Amino acid sequence: MAVKSLYHRRTAGSIFKCFDPIITMILTAYISGVLTCALYYRFGELETNQQEPLLQKSLLSFVTQPNPHNDDSLNDENTRIQSQQYPSDNSNTPPIQISSGEKMQSSLVQENDATAPFTIKAGETLSCQTSIKECCETSIRNPPEKIDIVIPYKYRNAADVSLMYELRSFERSGLLDHVGKVFIITNSKSETNLLEIRYQKYLKEMMGTKQLHIIAADEIKVPFNFPEWRDGGKNFDPLGIGLVKTHYAPYLPLLSSYYLMIPDDNVLLREYTRDIWFDSKKQLPYAHGFGGGGTGMKTHGFAGVAEMHGPNFLNRCSMQYVIEKYNVTHPKGLSPTAVAIGMMKREKLLSGFFGYRSSSFRKVEPYKTEFFRECHTNGGCQSPNGFTEIFVNIQGNGISIEYRKAESIKGKFLAWFEKTFPLPSRFE
């Protein structure tokens, strides 16, 4: 009996000994599986939350080229727009409310992606035409964190250096760090091509995130028609083409609710601050006139402002309201800037209106100086020395290609330009 029991124990031992490797493997796999599940449930969520943003960030940095002047100047447009509509809790600016007159902006919010290729979209109209106050007051009182710049480019020769020095002045003053997009509206597609050649290095390097956009006027889709915007197509009309661009500008796709419309021969001489055009206490903008007129533009009972001479900080909703209200068939039939400013003044939607070289502006702006000066070399301005204003318009003999040559004046002003604005802008 003892022998039999010993036999069974040896047999069983031999059998278990044969299956030892298999059992070990099964137990090892089982334990590994249990530990893996435990680790997954313990750390999986944390890993996901940490790794995905890092991956997205690395991909974004790969696609987006760095800005040589300010890495933060080309922030993602979605972030910018969200910050406009939903300010942080510690912001003194009340939340922006989209009124019925601003449905175009709200419909474009999700499309305003700086990483997407820029495309020309059809011009959209306001859905409100009751009054400029009812349609646009919310927009007027709530400027965005970053504005856009619109430059109605009037010269037909890309060799003109006025635009280059203007952009350099914006760079030096820090304005471009407070700007979302810079639009240059040209007279034709061929002119656009010439400017693109000048700025081709920037345009290629920045790919879909570029801040600079060069667009021919007839590429902008608008809800009106100017059949004779080039004087019947026979003669080039400098005033007509300039006015066309003031009508077209508010319909630029993804344009911010406020934009600086400025001629291509102005320079900014002071450090940029929003206080030069917006009264944060009253939550209303300032407006300026740059001369009487005599230009043939119809202002429909409001004072002319000579908008083609100086910088205009404009509210897009107000400009669209005026353009669509009058619906003219020729650009000279309406000065939208003058009428929009006039209506805003009448409805008490301006903190103040200041005429050309008004000393009253010194009392409200931070630099205690005049807002604007016009320097025409063919009108007595023979030297660039002594400029103290915020903006200066410089044009005339020896400076602008449409005026006669004057080598002595040219040399004097070019030396001043190079001394004052020696560093290239981010677009060069």
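FYI, it's all coordinate maths here, none of it is from the lab. These numbers were taken from a predicted model, which means no experiment stands behind them. Heads up, the Cβs are rebuilt from the backbone with ideal geometry, glycines too, and the neighbour counts pull from every protein chain shown.
Computing FRET efficiency as 1/(1 + (r/R0)^6) for Thr420 and Asn378, where r is the C-beta to C-beta distance and R0 is 22 Å, gives about 0.55. A simple spin-label model places the labels of Lys345 and Asp279 1.4 nm from each other, with each point 7 Å out along Cα-to-Cβ.
Give me the net charge for the shell around Gly342: Cβ to Cβ below 15 angstrom, other residues only, Lys and Arg +1, Asp and Glu -1. For residues surrounding Gly342, the net value is +4.
Look at the alpha carbon pairs under 8 Å that are at least 6 residues apart: their mean separation over the length of region 248-374 gives a relative contact order of 31 percent.
For a 30 Å ceiling on Cα separation, which of these pairs sit above it: Lys245/Lys348; Lys221/Lys348; Lys204/Lys332; Lys298/Lys419? Violating the 30 Å Cα-Cα cut-off are Lys221/Lys348; Lys204/Lys332; Lys298/Lys419. One decimal place: the segment Asn193-Glu205 gains 2.6 nm when fully extended, by the rule 0.36 nm per residue minus the C-alpha distance.
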